[in-house]
Amino acid sequence: MVGAVRGGAVRWAAALIAGLLVAGAAAGQGMRAEGLPVGAQIVESAPLDGMGRPDRALVLWMQAPRRVERPAGEPYTCPDRTRGSHWHGPARLSLVTVPEGRVIDTLPVGPADAFDLPFRLAPGLSYVVPAETVEPAPGGGPAEGVPRLLHLYDGTGDGRRGEVAFYDAQACMGLATTLFGYDPEADSLRQYPVVLEVVDPQGRRGVRTDLWVDYLHARGPVALGTWRHAIDYTGRGGLLEAYDVRFDPARGVFAGTLTQYEADRAPPRDVGAETIAAFYHALARGDGMVAASMVVPEKRGRRPYDPAEMTRFYGGLAVPLQLTALRRDGPDRYTVSYRWASSDKSRCETEAAVTLRDVDGFPSIANIVPREGC
């Protein structure tokens with residue numbers, strides 16, 4: 001049986017559903033050109049209009065998945081951040097033609113063959129959960145909604161919304177992330193590798209290449225094409241791990257350094273300022289998803305931090321937001337200066353007070369108070 005398609009355009013969804021299932025072998029193997037194997041269930045779809053390809057779409061599907069419901073009224077565990085109530089099984093991402101539904105390319109999604117994709121999730125934990133889908137949970141648990149798994153955004157800094165991130169929380173500390181994207185030149189999918197030079201506390205160096213990296217694609221860049229963040233595992237007997245990563249468009253990879261420090265030897269670093277700079281850079285690109293990921297969980301999805309509203313407003317500005325100054329006023333307090341202009345000629349040039357709070361080892365934005373009200 002084929003599951004319902006969410007997020008696709010009505011004009012091609014019916015044709016897609018009708019054409020995707022054909023006889024085939026196991027998921028991702030022996031697939032016929034015109035469709036997916038028997039037993040496949042479509043989880044979600046998204047057209048690639050933002051890449052200038054209305055004749056292409058992404059389809060997220062699973063092979064004979066098992067439905068797993070969270071116990072009603074129970075609090076979320078740490079792994080529930082990326083799972084909630086979910087489908088469990090082999091997960092695949094396919095590139096298909098529109099409206100025919102012919103499969104062009106398919107890649108496995110999870111780090112293992114079986115992966116969990118949420119169909120009901122509390123907002124503000126990992127995937128975007130549109131506010132209009134959120135409802136009180138029966139039994140008094142956290143409010144939940146329907147996550148938007150194929151939220152396309154500019155994940156490489158090339159100015160095009162052609163990437164989608166997936167998340168996997170195995171424990172309370174650490175959030176594995178990976179990024180898939182559409183390659184218009186090759187008309188294919190790619191999963192972006194991350195090439196890291198790792199420097200351990202003794203100064204020894206090595207190189208590793210990973211498809212899944214903690215927090216990388218859940219945080220915004222501090223500048224165009226540049227990601228910097230630090231994860232403090234020292235409270236759990238580990239190390240402080242500082243990432244400095246850039247996207248290399250020539251090679252199609254993320255590349256950079258991962259420097260590890262003992263607790264008493266970590267250099268001073270203003271991770272709070274990096275978080276704020278990345279937040280405003282995401283707004284400048286009209287990327288509400290990335291901006292919301294830097295806000296404390298209880299405020300994500302709510303005004304003024306709703307990802308869709310931030311995307312609509314900041315993505316529609318005639319002159320994009322520019323962060324012009326950033327200074328630290330205290331341990332968790334900063335002042336930012338910024339400016340923007342809208343299409344109706346209204347302009348804003350002001351300062352705002354920003355307050356941070358630690359969430360899972362990361363400084364997250366707890367409050368923003370503009371001085372001039374814009």
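Numerical summary
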quantity: So Ala250, is it in contact (Cβ under 8 Å) with a residue 24 or more places away in the chain and of a type in the set (Gly, Ala, Ser); calculated: no
quantity: Filter result for Ser337 (in a strand (DSSP E or B), under 17 Å from the mean Cα position of the chain (by Cα) and not assigned by TED's automatic domain parsing to the domain that holds Asp200); calculated: no
quantity: Which numbered condition Arg190 misses (of (1) farther than 30 Å from Pro47 by Cα; (2) surrounded by 14 or more Cβ atoms within 10 Å (Cβ to Cβ); (3) of a type in the set (D, E, K, R)); calculated: (1)
quantity: Condition met for Arg81 (closer than 18 Å to Pro138 by Cβ and surrounded by 15 or more Cβ atoms within 10 Å (Cβ to Cβ)); calculated: no
quantity: Count of residues meeting criterion [farther than 16 Å from Pro111 by Cβ and surrounded by fewer than 17 Cβ atoms within 10 Å (Cβ to Cβ)] in region 138-179; calculated: 9
quantity: Every pair of residues 6+ apart whose Cβ atoms lie under 9 Å, when the first sits in region 167-190 and is at positive phi and in contact (Cβ under 8 Å) with a residue 24 or more places away in the chain while the second is among the acidic types (Asp, Glu) and not in a loop (DSSP other than H, G, I, E, B); calculated: Gly174/Asp214; Asp187/Asp105
quantity: Count of residues meeting criterion [buried (at least 16 other Cβ atoms within 10 Å of the Cβ) and outside any strand (DSSP E or B)] in region 202-216; calculated: 3
quantity: Condition met for Thr350 (farther than 12 Å from Ala277 by Cα, at pLDDT below 95, of a type in the set (S, T, N, Q) and part of a strand (DSSP E or B)); calculated: yes
quantity: Number of the exception - Val129 against (1) at pLDDT 95 or above; (2) touching a Pro at 6+ places or on another chain (Cβ under 9 Å); (3) of a type in the set (A, V, I, L, M); calculated: (1)
quantity: Residues satisfying the stated conditions in region 333-354, i.e. surrounded by 15 or more Cβ atoms within 10 Å (Cβ to Cβ) and under 30 Å from Ala171 (Cα atoms); calculated: Val354
quantity: Among (1) over 19 Å from His151 (Cβ atoms); (2) among the acidic types (Asp, Glu); (3) at pLDDT below 85, the one test that Asp358 misses; calculated: (3)
quantity: Residue among Asp168, Asp158, Asp105 that alone is within 23 Å of Leu283 (Cα to Cα) and acidic (Asp, Glu); calculated: Asp158
quantity: All positions within region 118-128 that are over 15 Å from Val296 (Cα atoms) and out of contact with any His (no Cβ under 6 Å at 6 or more places or on another chain); calculated: Phe119, Arg120, Leu121
quantity: Odd one out for Thr257 among (1) more than 24 Å from Gln191 (Cβ to Cβ); (2) not in a helix (DSSP H, G or I); (3) not aliphatic (A, V, I, L, M); calculated: (1)
quantity: Residue among Leu283, Leu321 that alone is assigned to a strand (DSSP E or B) and within 24 Å of Pro130 (Cβ to Cβ); calculated: Leu321
quantity: Test result for Met310, touching a residue at least 60 places away in the same chain (Cβ under 8 Å), within 20 Å of the chain's Cα centre (by Cα) and not assigned by TED's automatic domain parsing to the domain that holds Gly50; calculated: no
quantity: Residues located in region 314-342, provided they are among the charged types (D, E, K, R) and touching a residue at least 60 places away in the same chain (Cβ under 8 Å); calculated: Asp332
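The values are calculated or read from the model by the stated rules, or taken from the named source; none is laboratory data. In this text, all values refer to a predicted model and were calculated from it rather than measured experimentally. Here Cβ is always computed from backbone atoms with ideal geometry, including for glycine, and neighbour counts include all displayed protein chains.
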